[in-house]
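Okay, structure first, notes after.
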Amino acid sequence: MARQKLKEIVINREWCKGCGICVHFCPTKVLELDFDEKSVAIRPEDCICCKMCELRCPDLAIEVLTYEGEDNEK
Amino acid sequence: MAVKDYLRQRFFPHMWCPGCGHGTILNSLLRAIEELGLEKNKIVMTSGIGCSSRISGYVDFHSLHTMHGRALACATGVKLSRPHLNVIVPMGDGDALAIGGNHFIHAARRNIDITAIVMNNRIYGMTGGQFSPLSGTNIKATTAPYKTIDQEFDVVQLAIAAGATFVARSTAFHAKESTDVLKKAIQHKGFSVVEILSQCPTHYGRKNKEGDAVSMLELHKTNTAKLGSKALEKNPGLTARGIFVDLEKPEYCAEYDKIIAFAMKEKVS
Ligand SMILES: Cc1ncc(C[n+]2csc(CCOP(=O)(O)OP(=O)(O)O)c2C)c(N)n1
Ligand code: SF4
Ligand code: SF4
Ligand code: SF4
Ligand SMILES: [Mg+2]
């Protein structure tokens, strides 16, 4: 199975209401709220592309863009 | 098609409070529709009144925003006249089971091919936090400052008893599971009921000291367990999630077509 790799975490700052759901439940603590109470990806390199932030966001404000990584089954 | 293409983006950001579970239910539902590859033109969303009911304004389908408690009655009319369309009816707990309780049981009894979604935040969100038939005992509401004494309905048991042929429950925390269950519910031929536990941090959360949306979602995680799981077996006090009923029974529109065909034949002969 080819593994999903992160291209970009896109956060719509106009739609994000700073509820912190994505921040709290991210398994690798990729996200944080900034001074404007908007979610930002501060550690994108730790993202495991589970997309749970995107699926749980009540404001449809977050999108995890991925691409197919190289095959990891040798 | 991307999920955003199913939205009326001009109405965003939406009106729901920060962390309101209703937004996550919209999110899960759109993904179900996307994964099923349904055409926007083949979907009718009918809703009543409440924070939950505002959902029909945000989707780029055919939509009817009707009267409090009457979404299923209007949906029944739509489905009977255009049985080839997918009719989806998201409702609040008050909308579906207080004022709309009678419509709910009779739609289930007829087994009409409609997907009913109960967005259960256990409170009247829109009108400021009155308790609902799904609040249960020992909760604080504006109409119960000394806590409720009313027992709640079990939506799943009620729907099954009334005749619904697909009945499931999930939560806003279990977003992927919600999407899976909603896909099956939409595909089911007959009356499907999906109860999705939602959170209203603004009224229910604040009055009942359940904290913000994050801690209310933690409760969805700790207070529920999957049907057939070890966790549920060990602790039957947990709320069960999963598919409770999935059966085939005569569907109302199909039976109605047969009656029309029969009546036409009688007239001719
Ligand atoms: C016939 C009628 N009765 C009462 C109301 C007032 N009302 C509006 S929304 C609502 C309840 C909303 O609660 P619920 O259905 O649980 O939806 P939520 O806002 O919690 O999503 C009530 C009582 C109304 N609009 N129409
Ligand atoms: S879950 Fe959505 S709305 Fe909430 S903080 Fe994250 S991006 Fe913003
Ligand atoms: S995709 Fe998963 S790991 Fe990546 S930011 Fe979202 S929740 Fe965190
Ligand atoms: S009042 Fe409650 S149900 Fe209504 S939008 Fe706010 S959090 Fe959601
Ligand atoms: Mg409600």
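Every number in this text was worked out from the coordinates using simple rules, so none of it is lab data. Remember, it's a predicted structure, so these values are computed and weren't measured experimentally. Using ideal geometry, Cβ is built from the backbone for each residue, glycine included, and neighbour counts are taken over all protein chains shown.
List of remarks:
- Some residue of region B:50-61 being of a type outside the set (Val, Ile, Thr), part of a loop (DSSP other than H, G, I, E, B), in contact with a Leu (Cβ under 8 Å, 6 or more places away or on another chain) and touching a residue at least 24 places away in the same chain (Cβ under 8 Å): yes
- Criterion applied to B:Leu80, B:Leu64 was being in contact with a helix residue (DSSP H, G or I) (Cβ under 9 Å, 6 or more places away or on another chain) and not in a helix (DSSP H, G or I), and the one residue passing it is B:Leu64.
- Breaking point among (1) assigned to a strand (DSSP E or B); (2) over 13 Å from B:Ala116 (Cα atoms), for B:Met45: (2)
- Within region B:172-200, the set of residues being within 16 Å of ligand 5 (Cβ to nearest atom) and either part of a helix (DSSP H, G or I) or over 11 Å from the mean Cα position of the chain (by Cα) (or both) comprises B:Ala172, B:Gln199, B:Cys200.
- Applying the condition of being in contact with a Ser or Thr (Cβ under 9 Å, 6 or more places away or on another chain) and closer than 26 Å to B:Gly37 by Cβ to region B:80-104 and asking which residue is surrounded by the fewest Cβ atoms within 10 Å (Cβ to Cβ) yields B:Asn86.
- Test: residue in region B:15-26 that is facing chain A (nearest Cβ under 7 Å) and either in a strand (DSSP E or B) or of a type in the set (Ser, Thr, Tyr) (or both): yes
- Of all residues in region B:197-224, those that are within 13 Å of ligand 4 (Cβ to nearest atom) and under 17 Å from B:Val155 (Cβ atoms) total 5.
- Any hit, region B:204-226, residues being closer than 25 Å to B:Thr165 by Cα, in contact (Cβ under 8 Å) with a residue 40 or more places away in the chain and assigned to a loop (DSSP other than H, G, I, E, B): no
- B:Ala164 being in a helix (DSSP H, G or I), more than 14 Å from chain A (Cβ to nearest Cβ), more than 16 Å from ligand 5 (Cβ to nearest atom) and touching a residue at least 60 places away in the same chain (Cβ under 8 Å): no
- Close pairs (6 angstrom Cβ cut-off, 6 or more residues apart or separate chains): assigned to a strand (DSSP E or B) in region B:125-148, buried (at least 18 other Cβ atoms within 10 Å of the Cβ) anywhere: B:Gln130/B:Tyr124; B:Gln130/B:Ala141; B:Ala141/B:Gly129; B:Ala141/B:Phe131; B:Ala144/B:Phe131
- Here the condition is being away from ligand 1 (no atom under 16 Å from the Cβ) and over 9 Å from the mean Cα position of the chain (by Cα); of A:Cys16, A:Cys53, it holds for A:Cys16 alone.
- Some residue of region B:54-64 being within 12 Å of chain A (Cβ to nearest Cβ) and out of contact with any Pro (no Cβ under 7 Å at 6 or more places or on another chain): yes
- One residue stands out among those in region B:123-139 that are within 12 Å of ligand 4 (Cβ to nearest atom) and surrounded by fewer than 24 Cβ atoms within 10 Å (Cβ to Cβ): the one that is nearest to B:Gln151 (Cα to Cα), which is B:Gln130.
- B:Ser81 among the polar types (S, T, N, Q), within 16 Å of ligand 3 (Cβ to nearest atom) and closer than 24 Å to B:Ile112 by Cα: no
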